[in-house]
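Asker: Pasting in a structure now, in structure tokens, and then I'll have a few things to ask.
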């Protein structure tokens, strides 16, 4: 883990009521040049600008500090400064956010971004704040799609028996069980090796992650199922954040908004270019399928994981949002 094991805030020095210059480490499980990396760089640049250099920073990318669950736990105990993660494992810590992972819930990017930037998104951030975490802003992965090494997928029947890596998320696992696959939760840093060794037949991720991870080296088939919209979130450790002044906290929130805008712009770019890029690298990409059978099976299996515990009010609000 090299020097990143030492959290940036561990070196905080108090001087005249203000913090000395501080280096912030932003941990991710994706590469430094991924959409997360683009967002992290934009966040850090804006934070440095707003603070006149009092805060600087760098990435700890590629799962160097562990998988996403490890990062969240590190934030809670104060061993990690900041992280950008998917919502995959977050539902294990803040069950309310499982609503965001329900299959075929969001209509399109405009719908998802509007919900997360509005009242519902803020309510979710508030819930996160009650669980020894600080959520600065909702970022983005994109709509998730299925890849595998075995066969083209055009119907749920084609998923039957495929060993499919999913995130450590009860909603996602239930959805794929409903669609006939054999889902196995696995931390993201382990996925490429599992696919390469044939331990897993396939996985599901947005185009942003498929391309950044070069999954074409170990996967042949891609189907643009768009089965789940995958948010991301910029999280900061309370051990760092609670020690900041109100002005400094404002810098973090503003820098997070800049990071989100940069990430979403990169998602848009990769979505536009990604299909051609995957095909250029030898993947067979199926762009048009009948999503209705996938939706019926996934929703029937996965939505009760949330509604049996929390009811349907939040889902109804999300669906009704414009």
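Asker: In the range 197-215, what residues are surrounded by fewer than 23 Cβ atoms within 10 Å (Cβ to Cβ) and over 15 Å from residue 283 (Cα atoms)?
Answerer: Passing the criteria: 197, 198, 199.
Asker: Could you tell me which residue of the range 200-232 is nearest to the chain's Cα centre (by Cα), considering only residues that are assigned to a loop (DSSP other than H, G, I, E, B) and under 20 Å from residue 161 (Cβ atoms)?
Answerer: Applying the first criterion (assigned to a loop (DSSP other than H, G, I, E, B)) to the range 200-232 yields 200-201, 213-214, 218-220, 224-228.
The next check asks that each one be under 20 Å from residue 161 (Cβ atoms); those that pass are 200-201, 218-220, 225, 227.
Values: 200: 21, 201: 22, 218: 22, 219: 21, 220: 24, 225: 18, 227: 15 Å.
Among residues in the range 200-232 that are assigned to a loop (DSSP other than H, G, I, E, B) and under 20 Å from residue 161 (Cβ atoms), the one nearest to the chain's Cα centre (by Cα) is 227.
Asker: Separate question: Pick out the one residue from 180, 161, 142 that is outside any helix (DSSP H, G or I), at positive phi, touching a residue at least 24 places away in the same chain (Cβ under 8 Å) and surrounded by fewer than 22 Cβ atoms within 10 Å (Cβ to Cβ). Working first, answer last.
Answerer: Details: 161 fails: touching a residue at least 24 places away in the same chain (Cβ under 8 Å); 142 fails: surrounded by fewer than 22 Cβ atoms within 10 Å (Cβ to Cβ).
Exactly one of 180, 161, 142 is outside any helix (DSSP H, G or I), at positive phi, touching a residue at least 24 places away in the same chain (Cβ under 8 Å) and surrounded by fewer than 22 Cβ atoms within 10 Å (Cβ to Cβ), namely 180.
Asker: Provide a single number: the residues in the range 118-139 that are in a helix (DSSP H, G or I), under 24 Å from residue 265 (Cα atoms) and in contact (Cβ under 8 Å) with a residue 12 or more places away in the chain.
Answerer: Residues flagged as in a helix (DSSP H, G or I), under 24 Å from residue 265 (Cα atoms) and in contact (Cβ under 8 Å) with a residue 12 or more places away in the chain within the range 118-139 amount to 4.
Asker: Hey, another quick one. Report whether or not residue 187 is at pLDDT 95 or above and in contact with a helix residue (DSSP H, G or I) (Cβ under 9 Å, 6 or more places away or on another chain).
Answerer: no
Asker: Kindly indicate the residue of the range 70-94 that is assigned to a helix (DSSP H, G or I) and modelled with pLDDT of 95 or more and also surrounded by the most Cβ atoms within 10 Å (Cβ to Cβ) among those meeting that condition.
Answerer: Checked the range 70-94; the qualifying residue surrounded by the most Cβ atoms within 10 Å (Cβ to Cβ) is 75.
Asker: Would the range 238-250 turn up any residue that is farther than 23 Å from residue 91 by Cβ and assigned to a strand (DSSP E or B)?
Answerer: The answer is no, given that none of the residues of the range 238-250 is farther than 23 Å from residue 91 by Cβ and assigned to a strand (DSSP E or B).
Asker: Against the condition under 17 Å from residue 302 (Cβ atoms), in contact with a helix residue (DSSP H, G or I) (Cβ under 8 Å, 6 or more places away or on another chain) and surrounded by fewer than 20 Cβ atoms within 10 Å (Cβ to Cβ), how does residue 152 come out, does it pass?
Answerer: No; evaluated as a whole, the condition is false for this residue.
Asker: Test residue 48 against the stated conditions and say whether it is at pLDDT 95 or above, in contact with a strand residue (DSSP E or B) (Cβ under 8 Å, 6 or more places away or on another chain), outside any helix (DSSP H, G or I) and more than 14 Å from residue 85 (Cα to Cα). First the steps, then the outcome.
Answerer: On the way: at pLDDT 95 or above: yes; in contact with a strand residue (DSSP E or B) (Cβ under 8 Å, 6 or more places away or on another chain): yes; outside any helix (DSSP H, G or I): no; more than 14 Å from residue 85 (Cα to Cα): yes.
Here the answer is no, as residue 48 does not meet what is asked.
Asker: Does the range 265-289 hold any residues that are part of a helix (DSSP H, G or I) and out of contact with any strand residue (DSSP E or B) (no Cβ under 7 Å at 6 or more places or on another chain), and which are they?
Answerer: Passing the criteria: 265, 266, 268, 269, 270, 272, 273, 274, 276, 277, 280.
Conditions (1) within 29 Å of residue 183 (Cβ to Cβ); (2) in contact (Cβ under 8 Å) with a residue 24 or more places away in the chain; (3) touching a helix residue (DSSP H, G or I) at 6+ places or on another chain (Cβ under 7 Å), marked per residue:
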{"site": "240", "(1), (2), (3)": "no, yes, yes"}
{"site": "247", "(1), (2), (3)": "no, no, no"}
{"site": "252", "(1), (2), (3)": "no, yes, yes"}
{"site": "277", "(1), (2), (3)": "yes, yes, yes"}
{"site": "286", "(1), (2), (3)": "yes, yes, no"}
{"site": "293", "(1), (2), (3)": "yes, yes, yes"}
{"site": "299", "(1), (2), (3)": "yes, yes, no"}
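Asker: Quick check on this structure: which one of 262, 292, 302 is out of contact with any strand residue (DSSP E or B) (no Cβ under 8 Å at 6 or more places or on another chain), loosely packed, with under 15 Cβ neighbours inside 10 Å and assigned to a helix (DSSP H, G or I)?
Answerer: After applying the criteria, what remains is 292.
Asker: I need the full set of residues from the range 192-221 which are within 22 Å of residue 171 (Cα to Cα) and touching a residue at least 60 places away in the same chain (Cβ under 8 Å), in order please.
Answerer: 204, 205, 206, 207, 208, 209, 210
The values are calculated or read from the model by the stated rules, or taken from the named source; none is laboratory data. Quick caveat: nothing in here was measured; it's all calculated off a predicted structure. Backbone-built Cβ (ideal geometry, glycine too); neighbour counts: all protein chains shown.
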